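K.L.:
Please read through the structure below; I'll follow up with questions.
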Amino acid sequence: MGIDEAGRGPVLGPMTYAAAYWNPDDSDAIPNGFKDSKTLNPTQRASLFQKLKETPEIGFVLRVLHASEISRNMLRKDPYNLNAMSHDSAMEMIQAVLDAGVKIETCYVDTVGVASSYQTKLERAFSGHGIEFVVEKKADDKYAPCSAASIVAKVSRDTITESWKWSESHFEAKGGKDYGSGYPSDPKCKAWMERNLSDPVFGYPDFVRFSWGPATESDKI
């Protein structure tokens, strides 16, 4: 089993966490080419995701943390930070797979924070299940299940972002969805945020992580 995320840094859209898994005895049936999704172009990612969905030996789980959820958590009286959300999302997915009756022998995790501390946290949370946890930096570029999870997370986030429908009934985005990658350093994202600071109280639609620095700074203007 492998776990990875996509969309940790953007100020726009969700962060997605994914887990992918298969029986080691079925390795010959697993498509080739899984690698860190950031090293692949959109066409390659989409092709691999389609192959993944068409391969019955592969299972996967997706956890979507929408911008509104991230913002609510980080702006609580006792902030619930992104690392904690990431860890809890990973544990939710592991538990979901266990609850489905799958025996997990090894779980590869692309680390969030200090790898040794995160690994200890997982080992304590799932003590008694016989799971060997491997928590490392760049695990998505080293272990096929983690790479497959990276594909699921990235393609899912891109699909959600590209097909986003505004939950605010009267909101019409100036410039439509021409917001680029959603990262604060992206000129298209910056321009979109400048055009769409529209509400005097709430500032942005809930597609924006209004707990993020670039959003809070804009609100002060």
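The values are calculated or read from the model by the stated rules, or taken from the named source; none is laboratory data. Bear in mind that the values here come from a model prediction, so they are computed numbers and not experimental data. Cβ coordinates were reconstructed from backbone atoms using ideal geometry, including for glycine residues, and neighbour counts include every protein chain displayed. For the accessible areas, the whole protein counts, side chains as well, though only heavy atoms, and no ligand, DNA or RNA atoms are used. Shrake-Rupley method; radii C 1.70, N 1.55, O 1.52, S 1.80 Å.
K.L.:
Looking at (1) basic (Lys, Arg); (2) modelled with pLDDT of 95 or more; (3) within 22 Å of the chain's Cα centre (by Cα), which one does ARG124 not meet, given that it meets all the others?
P.N.:
(3)
K.L.:
List every residue pair whose Cβ atoms sit under 6 Å apart, with the two residues 6 or more apart in sequence or on different chains, where the first one lies in the stretch 189-209 and is polar (S, T, N, Q) and modelled with pLDDT of 85 or more and the second, anywhere, is open to solvent by 10 Å² or more (accessible area, probe 1.4 Å) and assigned to a loop (DSSP other than H, G, I, E, B).
P.N.:
As it stands, the answer is ASN196/ALA173; ASN196/LYS174, since those pairs meet every condition given.
K.L.:
What single numbered condition from (1) of a type outside the set (Gly, Ala, Ser); (2) over 21 Å from THR161 (Cα atoms); (3) at pLDDT 95 or above fails to hold for LYS53?
P.N.:
Going through the list (1) of a type outside the set (Gly, Ala, Ser); (2) over 21 Å from THR161 (Cα atoms); (3) at pLDDT 95 or above, LYS53 breaks only (2).
K.L.:
Condition first: assigned to a loop (DSSP other than H, G, I, E, B) and either modelled with pLDDT under 95 or acidic (Asp, Glu) (or both). Now tell me which residues in the stretch 82-106 satisfy that.
P.N.:
Correct list: GLU105 only.
K.L.:
So is VAL109 aliphatic (A, V, I, L, M), within 22 Å of MET15 (Cα to Cα), open to solvent by less than 20 Å² (accessible area, probe 1.4 Å) and not in a helix (DSSP H, G or I) or not? Give the steps one after another, and end with the answer.
P.N.:
Numbers: aliphatic (A, V, I, L, M): yes; within 22 Å of MET15 (Cα to Cα): yes; open to solvent by less than 20 Å² (accessible area, probe 1.4 Å): yes; not in a helix (DSSP H, G or I): yes.
Yes.
K.L.:
Within the set of pairs 6 or more residues apart or between chains, which connect a residue that is farther than 29 Å from SER147 by Cα inside the stretch 55-79 to a residue that is open to solvent by less than 70 Å² (accessible area, probe 1.4 Å) and in a helix (DSSP H, G or I) with Cβ atoms less than 9 Å apart?
P.N.:
From residues that are farther than 29 Å from SER147 by Cα, the pairs are PRO79/ASN73.
K.L.:
Only residues that are surrounded by 14 or more Cβ atoms within 10 Å (Cβ to Cβ) and of a type in the set (Ser, Thr, Tyr): list them for the stretch 131-189, please.
P.N.:
TYR143, SER147, SER150, SER156, THR161, TYR179, SER181, TYR183
K.L.:
Go through the stretch 80-110 and report how many residues are in contact (Cβ under 8 Å) with a residue 40 or more places away in the chain and of a type in the set (D, E, K, R).
P.N.:
Selection size over the stretch 80-110: 2.
K.L.:
So, one more: Within the stretch 63-79, does at least one residue satisfy the condition of being under 19 Å from THR111 (Cβ atoms) and at pLDDT 90 or above?
P.N.:
Yes; the residues of the stretch 63-79 include at least one that is under 19 Å from THR111 (Cβ atoms) and at pLDDT 90 or above.
K.L.:
Of everything in the stretch 190-200, what is open to solvent by 90 Å² or more (accessible area, probe 1.4 Å) and under 23 Å from the mean Cα position of the chain (by Cα)? Give them in sequence order.
P.N.:
LYS190
K.L.:
Let me ask something additional. Return the total of residues in the stretch 114-132 being farther than 14 Å from MET91 by Cβ and assigned to a loop (DSSP other than H, G, I, E, B).
P.N.:
So the answer is 3.
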